[in-house]
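The values are calculated or read from the model by the stated rules, or taken from the named source; none is laboratory data. Just so we're clear, the structure is a prediction, and the values are computed from it rather than from any experiment. Neighbour counts are summed over all protein chains in view; Cβ atoms, including those assigned to glycine, are modelled from backbone coordinates with ideal geometry.
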Amino acid sequence: MPSEDGCPKCGHGEADVDTISTTGGGLSKMFDIQNRKFEVVSCAKCGYSELYRADRSGASDVVDVFFG
């Protein structure tokens, strides 16, 4: 059962944080310019993931949002 203090799906209390880059639209897509960055927070147990724009000050802020 999900917990308010853990993963929204399974309630587990550990997460992994990674960064991905993606293309936007228009010319950046045409030339495959990866100009958008996101933090990916994934549950270490079930793999449930959420994306956050990487313009935040740090990964710990993103994990705090993920776990409530």
Here the residues within region 9-48 that are at pLDDT 70 or above, polar (S, T, N, Q) and surrounded by fewer than 15 Cβ atoms within 10 Å (Cβ to Cβ) are 19, 21, 22
Matching residues in region 49-60 (at pLDDT 55 or above and either surrounded by fewer than 12 Cβ atoms within 10 Å (Cβ to Cβ) or among the aromatic types (Phe, Trp, Tyr) (or both)) number 3
